[in-house]
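The values are calculated or read from the model by the stated rules, or taken from the named source; none is laboratory data. Everything numeric in this text was worked out from a predicted model, so none of it was measured. Neighbour counts run over all protein chains shown; Cβ positions are idealised from the backbone, glycine included. Accessible surface areas use protein heavy atoms only, side chains included; no ligands, DNA or RNA. Shrake-Rupley method; radii C 1.70, N 1.55, O 1.52, S 1.80 Å.
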Amino acid sequence: MAVASGNGVNTAQNADESEIVLSVRDVTVAIEDKLILDKLSLDIERGEILGFVGASGAGKSVLLRTILGLMPKQSGTIRLFGVDVDKASEIERLRIDMRLGVLFQHGALFSALTVLENVQVPMREYLDLPKKLMDELAMLKVELVGLPPDAAQKFPSELSGGMIKRAALARALALDPDIVFLDEPTSGLDPISAAEFDELVVKLRDTMDLTVYMVTHDLDTLFTACDHVAVLGKKRVLVEGTIDDMLKSEEPWVKSYFRGKRARQLDLAARA
Ligand SMILES: Nc1ncnc2c1ncn2[C@@H]1O[C@H](COP(=O)(O)OP(=O)(O)OP(=O)(O)O)[C@@H](O)[C@H]1O
Ligand SMILES: [Mg+2]
């Protein structure tokens, strides 16, 4: 279960620490003197799909980039697989990076590379494999995400939006990661393609023992695919829990988001 504690207390202390894949404690991030995250805490347990939600501009992508080490934090601790990333040696950091898969919100694929070559980017970065083996491994990932084999030789401009998201997911899975970070993976997709993508994520979690950290605005995704939801507000995790917890929350933003007109329709449909 994801555990968030706005007061910085480690509420996961009684859980088996080895099962906590990601632990964020009291993380503060400022960009050019503007405070974006203020002592934010969040845990994600192995095998769970966490939906991370919050208003546009609240700092969801900033937190993701901070967790991935692409952005500096002012204070706080980030542990991945039990290792404090600030104290990790170069080799430890490399080992951690190899266990992470990422699908960024923007610029999902390199436009000058085919799908197969895109999937091979992390392999080239971290592994030294013969080309034939890399082709075979990348092809397996293309099939794993439900793309037809002929998509492998296509360029991103020749793919639909849904296929691009799948190809980007294949690249995120290139190194058989333990956790994948997906930033708005279904934005821009029609509801049917989005639902298919959600099903794929759940299937991969079930079959590959994956942990999934998913930033999303998509209520359908939150209701159908996520085990837990964490809400970013007031620069920290405001509320964390199951969808039922969200539906009971009296936080104004959470209430209007999860109990607004669109959400009520989804809730009724899910319970029918
Ligand atoms: N590189 C940057 N330089 C300056 N400000 C930035 C930078 N990246 C993010 N910000 C600011 O940080 C804040 C949080 O941005 P972020 O992209 O994390 O929001 P978000 O929650 O992901 O929003 P969305 O749901 O629209 O993707 C915003 O005010 C944004 O303008
Ligand atoms: Mg964002």
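Hey, could you get me the Stokes-Einstein D for the chain, Kirkwood radius over alpha-carbon pairs, 4 °C and 1.567 mPa s, rounded to whole µm² s⁻¹?
On the way: Rh = 19.2 Å.
It diffuses with D of about 67 µm²/s by this estimate.
Given 0.36 nm per residue, what is the gain on full extension from LEU35 to ASP206 after removing their alpha carbon distance, in nm?
Values: separation 171, 0.36 × 171 = 61.56 nm, distance 3.77 nm.
Once the chain is fully extended between LEU35 and ASP206, it gains 57.8 nm.
Within a Cβ distance under 15 Å of GLN74, other residues only, what is the Lys/Arg minus Asp/Glu net charge?
Working: positive: ARG25, LYS34, LYS39, ARG65, LYS73, LYS235, ARG236; negative: ASP26, GLU32, ASP33, ASP38, ASP86.
After counting each charged neighbour, the total is +2.
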Quiz item: Mind listing P(r) for region 136-227? All alpha-carbon pairs, 5 Å bins, whole percents.
Solution: 3, 14, 27, 26, 19, 9, 2, 0
Practice problem: Name the residues whose placed amide hydrogens come within less than 5 Å of the amide hydrogen of VAL145, ignoring near sequence neighbours (fewer than 5 apart) on the same chain. | Solution: none
Quiz item: So how exposed is SER75, as accessible area in Å² (1.4 Å probe, rounded to 10)?
Solution: 50
Quiz item: In square angstrom, rounded to the nearest 10, how much accessible surface does ASP26 have for a 1.4 Å probe?
Solution: 50
Exercise. Output the antiparallel fraction of DSSP beta bridges having both residues in the chain, as a percent to the nearest 5.
Key: 55
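For GLU19 and LYS248 in the same chain, what is the full-extension length gain: residue separation times 0.36 nm, less their Cα-Cα distance, in nm?
Details: separation 229, 0.36 × 229 = 82.44 nm, distance 2.79 nm.
Additional length available on full extension: 79.7 nm.
At 0.36 nm per residue, and after removing the present C-alpha to C-alpha distance, how many nm does the segment from ASP190 to MET71 gain when stretched out fully? Provide the component values of the computation, followed by the final result.
On the way: separation 119, 0.36 × 119 = 42.84 nm, distance 3.19 nm.
Separation in residues times 0.36 nm, less the Cα-Cα distance, equals 39.6 nm.
Can you check what the net charge comes to around ASP26, using other residues whose Cβ is under 14 Å from the Cβ of ASP26 (Lys, Arg +1; Asp, Glu -1)?
Working: positive: ARG25, LYS39, LYS73, ARG79, LYS235, ARG236; negative: ASP38, ASP43, ASP84, ASP86.
Local charge sum for ASP26: +2.
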Practice problem: State in Å² the accessible area per residue of region 98-227; use a 1.4 Å probe, count heavy atoms of protein chains only, and round to the nearest integer. | Solution: 45
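In whole percent, what relative contact order does the chain give with Cα contacts below 8 Å and a gap of six or more residues? Working shown, then result.
Numbers: 495 pairs, mean separation 66.2, N = 272.
Rounded, it is 24 percent for the chain.
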Quiz item: So, in nm, how far is label PHE155 from label ARG99 when the simple model puts each one 7 Å beyond its Cα toward the Cβ?
Solution: 3.9
Self-check item: Cα-projected label distance for ARG259 with GLU143, points at 7 Å along beta-carbon direction, nm
Solution: 4.9
Quiz item: Tell me, what is the percent relative contact order of region 98-227, built from C-alpha pairs under 8 Å that lie six or more residues apart?
Solution: 32
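First compute the accessible area of region 98-227 with a 1.4 Å probe, then give the percent of it belonging to carbon and sulfur atoms. Intermediate values should be presented prior to the final figure.
Numbers: 3260 of 5800 Å².
Using a 1.4 Å probe with all protein chains present, region 98-227 comes out at 56 percent carbon and sulfur.
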Quiz item: Taking the chain as a Gaussian network, Cα atoms linked when under 10 Å apart, which of LEU175, LEU133, LEU40 shows the biggest mean-square fluctuation?
Solution: LEU133
Quiz prompt | Accessible surface of GLU251 - all protein chains present, 1.4 Å probe, nearest 10 Å² | solution = 50
Quiz item: What does the charge add up to near SER61, with Lys and Arg as +1, Asp and Glu as -1, over the other residues with Cβ less than 10 Å from its Cβ?
Solution: 0
